[in-house]
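Novice: Starting off with a structure, shown below.
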Amino acid sequence: MPRRRLARGEKRIAQLLDAAAEEFAAVGYASATTNSIAARAGASPGTLYQFFPNKEAMARALTERYRSRLRAVFAFVRDPALDRMPVGELVERVVDPVLALSRASPAFGSLFAGTAPPTGVTAVAATLDAGAGRVMEAVIGAAAPHLTAANRRRCAKVVVHIVKAMLSALEGATAGEQARLAAEFKTVLNGYLSGLAAVSDTRA
């Protein structure tokens, strides 16, 4: 395939996925249709079907996009100096990129933080959860290295749920309210991680 044609195809896919993200955020995944997504993208339904067979495929592609972006912003967990980072810095490095992705990607909150992932997206959403869990395990291991591996995993689940709750709370909030809520969530995470660092590992 000629390079120019391939580039046009990639651009159209990106436009369709952007439109899908906006539509999922505007009307909800259940109410969105391929026709409404195509209209939002300024494309015909036939053009959409050249790239995606249904909206489930679009949701899967969006979830993969978000997973790739999260993997990039959380690359800091591989930093050899991770275990020397103060808890406050660890919290900033967890919360701020998630907030930025949520603001830039309208459907991120619903696909990642939704209580019930859309049908056909469950498996991909589970990999997003698993990836977030591994990041949080690394962060908790840096903040509280004395915890056993099992307890790091358990505590990581708690942090992932806190982050999801944050995303749900931010949905529809004004920019000012989002900033205030984010500050409160950082306080919660600071307290939780500092508490883990301060106590001995007595959990069963």
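The values are calculated or read from the model by the stated rules, or taken from the named source; none is laboratory data. Keep in mind the model is a prediction, meaning the values are calculated, not measured. Cβ: placed from backbone, ideal geometry, glycine included. Neighbour counts: every protein chain shown.
Novice: Evaluate the following for E23: is it touching a Lys or Arg at 6+ places or on another chain (Cβ under 6 Å), within 21 Å of G109 (Cβ to Cβ) and either modelled with pLDDT under 95 or among the acidic types (D, E) (or both)?
Specialist: yes
Novice: Looking for something without any contact (Cβ under 8 Å) to a residue 40 or more places away in the chain, of a type outside the set (V, I, T), in a loop (DSSP other than H, G, I, E, B) and outside the structural domain of N190 (by TED's automatic domain parsing) - is there at least one such residue anywhere in the range 24-38?
Specialist: Checked against the condition, which is being without any contact (Cβ under 8 Å) to a residue 40 or more places away in the chain, of a type outside the set (V, I, T), in a loop (DSSP other than H, G, I, E, B) and outside the structural domain of N190 (by TED's automatic domain parsing), the range 24-38 yields at least one hit.
Novice: Name the single residue that is nearest to the chain's Cα centre (by Cα) among those in the range 41-94 being among the β-branched types (V, I, T) and modelled with pLDDT of 90 or more.
Specialist: V91
Novice: Shifting gears a bit: Quick check on the range 167-176. Is at least one of its residues at pLDDT 90 or above, of a type in the set (G, A, S) and farther than 20 Å from M85 by Cα?
Specialist: yes
Novice: Now for a different question. Restricting to the range 192-204, count the residues that are surrounded by fewer than 17 Cβ atoms within 10 Å (Cβ to Cβ), touching a helix residue (DSSP H, G or I) at 6+ places or on another chain (Cβ under 8 Å) and in a helix (DSSP H, G or I).
Specialist: The number of residues fulfilling the criteria is 2.
Novice: Also, quick follow-up: Go through the range 150-191 and give me each residue that's outside any helix (DSSP H, G or I) and surrounded by fewer than 12 Cβ atoms within 10 Å (Cβ to Cβ).
Specialist: Listed by number, the residues that qualify are G172, T174.
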